[in-house]
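All remarks here apply to the structure that follows.
The values are calculated or read from the model by the stated rules, or taken from the named source; none is laboratory data. Every value quoted in this text rests on a predicted model; they were computed, and no experiment measured them. Cβ coordinates were reconstructed from backbone atoms using ideal geometry, including for glycine residues, and neighbour counts include every protein chain displayed. Only protein heavy atoms, including side chains, enter the accessible area calculation; ligands, DNA and RNA are left aside. Shrake-Rupley method; radii C 1.70, N 1.55, O 1.52, S 1.80 Å.
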Amino acid sequence: MAINITINKICLVKEYCHRYDLPKSISCPADAAKVAMDIFHLEQEAQEVLILISLNIKNMIMGVQEISRGSTSYSLVSPKEIFKTALLHNAEGIIMVHNHPSGDNTPSKPDIEVTKRISQAGNLLAIPLLDHIIVSDTGFLSIKEAQPIPQLFRSDGI
């Protein structure tokens, strides 16, 4: 009995390229927040948006991509979408950034839970989550700095 098997090719397609006045590498949470605000204007969004910053081994930006767009109070985050993008960017580390339209940068319980879940998945794939940053029109907050969680973030990261 013969069967049909589809042969696929997976590739990353560059949508566009634009020059930004940003640091070449991410050395602190403020750098990552600046990327999110300068490219995606997350602080101005009326709904939650999550973006991914993919980095090489020297924390240089390999790519940025919007992963999900939700409501005014939450955005669904799938580890599959996060790591599909990271793998296509050949990432050695990732930073998640999302906004809080309310202006309150305090991480919610779901923010902490998704950070733990993505961190665990990243450790399995050897693509560590270096930080998860929340931005709003009042500034930004690094979950790595605000919520020290043992074994959550890579120690040699940003």
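Go through the residues of the range 87-94 one by one and say whether even a single one is open to solvent by 50 Å² or more (accessible area, probe 1.4 Å) and in contact with a Lys or Arg (Cβ under 9 Å, 6 or more places away or on another chain).
yes
Select from the range 7-56 the residues that are of a type in the set (Ser, Thr, Tyr) and within 18 Å of Phe83 (Cα to Cα) and list them in ascending order.
Scanning the range 7-56 gives a single hit, Ser54.
Restricting attention to the range 38-60, which residues are open to solvent by 40 Å² or more (accessible area, probe 1.4 Å) and within 13 Å of the chain's Cα centre (by Cα)?
Phe40, the sole residue that qualifies.
Restrict the check to the range 119-134 and report whether at least one residue is of a type in the set (S, T, N, Q), under 12 Å from the mean Cα position of the chain (by Cα) and within 21 Å of Glu45 (Cβ to Cβ).
There is no residue in the range 119-134 that is of a type in the set (S, T, N, Q), under 12 Å from the mean Cα position of the chain (by Cα) and within 21 Å of Glu45 (Cβ to Cβ).
Kindly indicate whether any position in the range 23-36 is open to solvent by less than 80 Å² (accessible area, probe 1.4 Å), without any contact (Cβ under 8 Å) to a residue 60 or more places away in the chain, of a type in the set (A, V, I, L, M, F, W, C) and over 19 Å from Gly103 (Cα atoms).
no
Out of the residues in the range 66-86 meeting the condition of being under 14 Å from the mean Cα position of the chain (by Cα), under 22 Å from Glu45 (Cα atoms) and of a type outside the set (S, T, N, Q), tell me which one is most open to solvent (accessible area, probe 1.4 Å).
My answer is Leu76.
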